[in-house]
Amino acid sequence: MTKSLSNALKSVLVLVSIAVVCVGVLAVCNMFFPTYKPTLDLETAKLIDKICPTGVGYKRAYKEKYIVMLDDSEYGGDLAGFNKANKTNKAEVLAVYGEPKGEVDGDGKSNVGAFIVECKSEGNDSDVVILVAFKDGAVVGATCKKQNESYWNKLPKNLFDEISKEYPSGSFKSVFGSTGATNSLRAIERSCNLAVKFAGKYREKISDALQKIALGAGSDTGVSA
C-alpha cells in the first residue's frame, strides 16, 4: 500500500469517526433535549379552557372536541409563509386552536367561535411559548404554555390577567414597568403582538373553518352561521 493511499484511508476513517460521533451527540441531545412540537394534549386543553372557558370543563372539552387544533388547510392559512414574512418580529406562530362548540355560562356568555394562537419568542434563557385567545376580534385571555426563564418569578403575578382585561396599546414595559425580567417580558410582548397580527389576518377564515367543523359535528351548541 502506498503512503498516499494509506493517508487517504486514514482521512476517510477520521471523517467517518467524526460523523459517527456527531450522530451520537445529536441522538443524545434529542433524547434529553427534544425539539418542542405544539400539540393538543390534555394539558394544553386545560390551559386553553382556563383562559377561554368552553363551559364543560377541560377534560370533557378535550375528549369531545370542544377544543380542536386547526391545520393550515382547514382555514386556508400558511404558518410558514406568515412567519417568514414577519421574521423581523423575532417571534413565531406555532399553532392555532379553536372552539367550534361550547356551553353558555351563568351570565349568558359563550366562547363558541373563539380561537387561540400559540406563539414563541426567545427570552433570557429559553423560548417562551404563549397562548393568546381571541373572541370577536378581541384578546380575551392569555397564558404561558412553556418557559424555562431564570427570572420568571420577577414578572408581575397579574401580568396575563391584565393582558386579558385590556391589551396594552403601548409597550409592555410602559404598562408593567421595570420588572427585573426584561428579556422575558419582551419575549411575551413579541409573541402576543405577533398573535394579534395573525388573528387580524386570519380571523374571518378561522371563523368559517370553525363553523364548518361545528356543522360537520352536527352540534346544536356550535358556531352560529
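Is there a residue in the stretch 52-66 that is within 19 Å of K205 (Cα to Cα), at pLDDT 95 or above, part of a loop (DSSP other than H, G, I, E, B) and not basic (K, R)? Steps first, please.
First, pick out the residues of the stretch 52-66 that are within 19 Å of K205 (Cα to Cα): 66.
Of the ones still in play, those that are also at pLDDT 95 or above are 66.
Restricting the remaining residues to those that are part of a loop (DSSP other than H, G, I, E, B) gives 66.
The next check asks that each one be not basic (K, R); those that pass are 66.
Within the stretch 52-66, one or more residues are within 19 Å of K205 (Cα to Cα), at pLDDT 95 or above, part of a loop (DSSP other than H, G, I, E, B) and not basic (K, R).
If G81 satisfies every condition in (1) open to solvent by less than 80 Å² (accessible area, probe 1.4 Å); (2) part of a loop (DSSP other than H, G, I, E, B); (3) of a type outside the set (A, V, I, L, M); (4) at pLDDT 95 or above but one, which is the exception?
Every listed condition holds for G81 apart from (2).
Please enumerate the residues belonging to the stretch 84-109 that are open to solvent by 40 Å² or more (accessible area, probe 1.4 Å) and either assigned to a strand (DSSP E or B) or within 19 Å of D208 (Cβ to Cβ) (or both). Let's see the steps before the verdict.
Taking the stretch 84-109 as the starting set, the residues that turn out to be open to solvent by 40 Å² or more (accessible area, probe 1.4 Å) are 84-85, 87-90, 92, 103-109.
Answer for the stretch 84-109, where residues must be open to solvent by 40 Å² or more (accessible area, probe 1.4 Å) and either assigned to a strand (DSSP E or B) or within 19 Å of D208 (Cβ to Cβ) (or both): just E92.
From V175, V112, V96, V139, which residue is farther than 14 Å from C52 by Cβ and of a type in the set (V, I, T)? First the steps, then the outcome.
On the way: V112 fails: farther than 14 Å from C52 by Cβ; V96 fails: farther than 14 Å from C52 by Cβ; V139 fails: farther than 14 Å from C52 by Cβ.
The match here is V175.
What residue, of A80, A45, A61, is closer than 23 Å to L159 by Cβ and aliphatic (A, V, I, L, M)? Quick ask: steps written out before the conclusion?
Numbers: A80 fails: closer than 23 Å to L159 by Cβ; A61 fails: closer than 23 Å to L159 by Cβ.
Testing whether each residue is closer than 23 Å to L159 by Cβ and aliphatic (A, V, I, L, M) leaves just A45.
Looking at the structure I just gave you, is V129 under 24 Å from K65 (Cβ atoms) and under 18 Å from the mean Cα position of the chain (by Cα)?
Against the criterion (under 24 Å from K65 (Cβ atoms) and under 18 Å from the mean Cα position of the chain (by Cα)), V129 qualifies.
Go through the stretch 48-61 and give me each residue that's under 19 Å from the mean Cα position of the chain (by Cα) and surrounded by fewer than 22 Cβ atoms within 10 Å (Cβ to Cβ).
K50, I51, Y58
Yes/no per residue for (1) open to solvent by 20 Å² or more (accessible area, probe 1.4 Å); (2) touching a strand residue (DSSP E or B) at 6+ places or on another chain (Cβ under 7 Å); (3) outside any helix (DSSP H, G or I); (4) modelled with pLDDT under 95:
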residue: I130; (1), (2), (3), (4): no, yes, yes, no
residue: G141; (1), (2), (3), (4): no, yes, yes, no
residue: C144; (1), (2), (3), (4): yes, yes, yes, no
residue: D161; (1), (2), (3), (4): yes, no, no, yes
residue: Y167; (1), (2), (3), (4): yes, yes, yes, yes
residue: G170; (1), (2), (3), (4): yes, no, yes, yes
residue: I188; (1), (2), (3), (4): no, yes, no, no
residue: K205; (1), (2), (3), (4): yes, no, no, no
residue: A209; (1), (2), (3), (4): no, yes, no, no
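Quick one: in the stretch 211-220, of everything that is open to solvent by less than 80 Å² (accessible area, probe 1.4 Å) and at pLDDT below 55, which residue is nearest to T54 (Cα to Cα)? Walk me through how you get there before you give the answer.
Keep residues of the stretch 211-220 that are open to solvent by less than 80 Å² (accessible area, probe 1.4 Å), which gives 211, 213-214, 216-219.
Narrowing the set further to residues that are at pLDDT below 55 leaves 218-219.
Working: G218: 17, S219: 14 Å.
The extreme case among them is S219.
Does D136 qualify as being surrounded by fewer than 17 Cβ atoms within 10 Å (Cβ to Cβ) and under 16 Å from L47 (Cα atoms)?
Working: surrounded by fewer than 17 Cβ atoms within 10 Å (Cβ to Cβ): yes; under 16 Å from L47 (Cα atoms): no.
Here the answer is no, as D136 does not meet what is asked.
Would you mind telling me which numbered condition in (1) assigned to a helix (DSSP H, G or I); (2) under 20 Å from K120 (Cβ atoms); (3) aliphatic (A, V, I, L, M) L40 fails?
The failed condition is (1).
Please find, within the stretch 110-126, the residue that is surrounded by the fewest Cβ atoms within 10 Å (Cβ to Cβ) out of those that are of a type outside the set (S, T, Y), more than 17 Å from D208 (Cα to Cα) and within 11 Å of the chain's Cα centre (by Cα).
Here is the first cut: in the stretch 110-126, the residues of a type outside the set (S, T, Y) are 111-120, 122-125.
Going one step further and asking which of them are more than 17 Å from D208 (Cα to Cα), we end up with 118-120, 122-125.
Next cut, within 11 Å of the chain's Cα centre (by Cα) only: 118-120.
Working: E118: 25, C119: 30, K120: 23.
Per the stated criteria, the residue is K120.
The values are calculated or read from the model by the stated rules, or taken from the named source; none is laboratory data. Since this is a predicted model, take the numbers as computed values, not measurements. Positions of Cβ are generated from backbone atoms using ideal geometry, with glycine treated the same way; all protein chains shown enter the neighbour counts. Side chains included, ligands, DNA and RNA excluded: accessible areas come from the protein's heavy atoms. Shrake-Rupley method; radii C 1.70, N 1.55, O 1.52, S 1.80 Å.
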